[in-house]
Every structure is written in C-alpha cells, then in structure tokens.
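Novice: Quick one: the structure is below, questions incoming.
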Amino acid sequence: MTAPDPSRPDRPGSLRQFLGVLGLTLVFLVVLDVMVAGLLGLAQSRGVAGSLVRYFEYGRSVPGKLEAWQAAPEAQGNLFDVGWIEAQLNDSLTGPDAPGGVVRSYGMSFVDNILRQAVAADPALAVDRHAGPGAPPNYTYAVFLDDHLHRQAGDVAVLGILSSSVPSLAALSNRTWVFEQPAPYTYPVFTPAQDGGLSRIDPLITSPAQERALAQDPAAEAAWTAQLAQEDAFYGAPTFGATALDVSPFARLVRRALAKSHVSDRKTAVLAGGFPYAQVLSRMVTGFAEQAQTEGVYPVVFLIQTRDPNDPDLLAVLGPVLQEHGIPYLATAEHVDPRDPTAFVGDGHYTHDNDRLFAEAFLRLMATRSAAQ
C-alpha cells in the first residue's frame, strides 16, 4: 500500500485547513470591500470626491449611474440633461438673423470647435449649433431632419459625421455604448429602405422628463427596456444587469472591465457587417443634400476623422459619394494626418491650430458658395 502524500490536501485535516484559509480570505475581502465602500461614501458626502472616487464610480452599472446623476444634478460629469433632440430644437434660432443666412450645424464638439474658430475669423458669421456629446451620425441626421421648420432659404446646413461614433448608428442612446459616461439622450436608428431611402426607428424615450418618469411607470420602463434589447446593438447585461452589485467597489472594477470588452466587441461586430453602416451613411449624406437643396439651403458635410486607427475611413467610405453628387464637404483627413498624435490634445479633440485650419477651409467653401450665387 502506498503511503499518503502529506503535501496533498486530501486528508480530512488538510482539507479543513484549506477551507478555513479560503473562508478567512473571503471574509477579509468582504470586510475590505465594505471598508472601501464606506471610505468612498464618506469622501463623496464631504464633497472631496477625487480621481480615486471617480475611478470606482466608472464601474457602476448604467442604471446606477443614471440614478446617481438624478440624485445629484450638480455632480461633476453629470450628462443627464445634455444633448436631447427636443431641447436642441427648442433652442434653434428663427427668423432672418443674418443677411447671408444662418449656419445651422448638426454635430458634436468637434464641429462646434471648428465653427467657433470660423466665427473668430469672421465675426459676421451667424451660427446656430446643435450638438450632443460624441453624437453619432443618426443623431446629427435626425436633428437636421427635425429642425426643418427653423431653416430658411439662404441658410447653410452643416452635417457632422464623427468616425469614432459610426458604429453607434446601431444604437438608440449613448447610454448603451459610452459606458463610463452614459449620457442618456436618445436618437433614432436608421436602416436602408426598399425605396432607396432610409427607414426610421424612433426611441420610446425622447426627453429627460420621460426618462425621470420611468421610475414611477414600470410598464413604460419595461417597454423601453424591450426596445433597447430589440433595436440597440450595444444593449447588454454587462452594462445594464446586476445593479445590486453596484454597492461593491470591487464588483464595479470587474464590471468596468467586462463592460469595456462588451462595447468593444459590439463595435467590432457592427463594423464587420453586423450593420450596413456604409450604405446608411451614403443615403444620409445624399438625403441631407437633397432636403437642403429643396429648402434653398446650402449643404456642407463635415467628415471628422479621429485618431483611432480602427475607425472607419470616412473619406474612403463617403468621398466618392459626395464627389459623385457634387455635395460640398470638409474632410479633416485632407488637411491633417489623423495618425499624427501631435494633431490632437489629451482628450482626443484636435488642437486649436488644427481647428483654425479646418475653419479656414470651411470659410473657403462659404466663399465659393457666395461667388456662385
């Protein structure tokens, strides 16, 4: 008979010892988790929430973040009320505000930065900006369509398309694909229609008031959740599920890693053919130009290429379409190499010097338009 190996934990005493160590480890981790949660809560209650607190907050579920933003409207980084289309339309300028018409832009901060530089170079330029944080093309196109009552003949319409947001053509809201700062504002999903145009799927929630009311309306909340699950390619359990785990700082760290992987995988799937983004973008820019020209409005498309090499090449996707249809456009990649890290500042936006360069190109387009009138 072979003698028992004393190094193996298969004897009753060794097994009990192993389980005891495991139990003590788990107890230690739970106690540590509770202590960290208490310290984070104390720091927040005293208004000293620094980078470490924000680091743990990034791992909250999307519902947890939205609930926290509602509870603390003045909190740093609160994006609950930002970007909603209804508010953008209510803020639109009306009437003949400038002799040369109003430049009405539909975009995001990249477009806004360029137009601010254009106004600095030409103070007579009247600009009416509509923007959402990191807004995808389905947002900018929808705001353009819905803002038609405010445009007048002689205006200029700018449609901004951001390369990093192209996968979000398959999303109904930033909440599903921007995990760390999930602005809840919503927008339609557009899909190719048989008549050569686009079909529009509007979200059930279209205002912050409706969003806040969900807490008191379980039926509406269930319908909205069902629509997200059905129509939004980014909605999923890693970002929205198991909200009870938000109490644990360590669970938030795990969720953050899982959520980032989930969103990245969905973006890859969309760009790999899970959504016909090139076809939708092409129909958007031609539909934009046709609608603008019908209104007597001068259309300009901004192709904003960001620094991520995994982004779709907007000039390659849309350049031939824009040229074939004679649609004026400004492509940042024709002026600045997006692979040059010095072209950008730390938050991913272009430098002020490059924004001025883009603004000069836009003003040249405006001068060409004036000369042709």
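Novice: Modelling each spin label as a point 7 Å along the Cα-to-Cβ direction, I'd like the ALA68/ALA121 distance in nm, to one decimal.
Specialist: In this crude spin-label approximation the distance works out to 4.2 nm.
Novice: Just want to confirm a number: the relative contact order over region 92-189, from Cα pairs under 8 angstrom separated by 6+ residues, in percent.
Specialist: Details: 161 pairs, mean separation 31.1, N = 98.
For region 92-189, the relative contact order is 32 percent.
Novice: Continuing with this model, one more query. Over the Cα atoms of region 119-192, Rg to Rh with Kirkwood Rh, two decimal places?
Specialist: Numbers: Rg = 14.2 Å, Rh = 13.8 Å.
Checking Rg against Rh, the ratio lands at 1.03.
Novice: Please compute the length gained on full extension between ALA244 and ALA269, using 0.36 nm multiplied by the number of residues separating them and subtracting their Cα-Cα distance. Each step should come with its number before you reach the end.
Specialist: Working: separation 25, 0.36 × 25 = 9.00 nm, distance 2.92 nm.
The span from ALA244 to ALA269 would gain 6.1 nm if fully extended.
Novice: Take the eigenvalues of the Cα gyration tensor for region 220-313, scale each by 5, and report the square roots as semi-axes in whole Å, largest first. Display every interim value, and only then the final one.
Specialist: Values: eigenvalues 253, 67, 33 Å².
Square roots of five times the eigenvalues give 36, 18, 13 Å.
Novice: Rounded to whole Å, give me the distance from the Cα center of region 297-333 to that of region 133-198.
Specialist: If you average the Cα positions of each part, the centres end up 15 Å apart.
Novice: Here's another thing I want to ask about it. Please list 3J(HN,Hα) in residue order for region 252-266, calculated via the Karplus relation 6.51 cos²θ - 1.76 cosθ + 1.60 where θ = phi - 60°; whole Hz, with x for glycine and proline.
Specialist: 5, 4, 5, 4, 4, 5, 5, 5, 5, 5, 4, 5, 4, 5, 5
Novice: Let me ask something additional. Run through all the Cα pairs of region 85-372 and give the fraction in each 10 Å bin from 0, expressed as whole percent.
Specialist: With a bin width of 10 Å, the distribution comes to 6, 27, 34, 22, 8, 1, 0.
Novice: Here is a further query. State the antiparallel share, in %, of DSSP beta bridges confined to region 85-372, rounding to the nearest 5. Please report the intermediate quantities before stating the final value.
Specialist: Details: 6 of 25 bridges.
Bridges in region 85-372 are about 25 percent antiparallel.
Novice: Express the accessible area of region 85-372 per residue in Å², computed with a 1.4 Å probe while the remaining protein chains stay in the model. Write down the numbers at each step before the final one.
Specialist: Values: 12060 Å² over 288 residues.
With all protein chains present, region 85-372 gives 42 Å² per residue.
The values are calculated or read from the model by the stated rules, or taken from the named source; none is laboratory data. Just so it is clear, the model here is predicted, and its values are computed rather than measured. With ideal geometry, Cβ positions are generated from the backbone for all residues, glycine too; neighbour counts draw on all protein chains shown. Accessible surface is based on the protein model in full, side chains and every heavy atom, while ligands, DNA and RNA are left aside. Shrake-Rupley method; radii C 1.70, N 1.55, O 1.52, S 1.80 Å.
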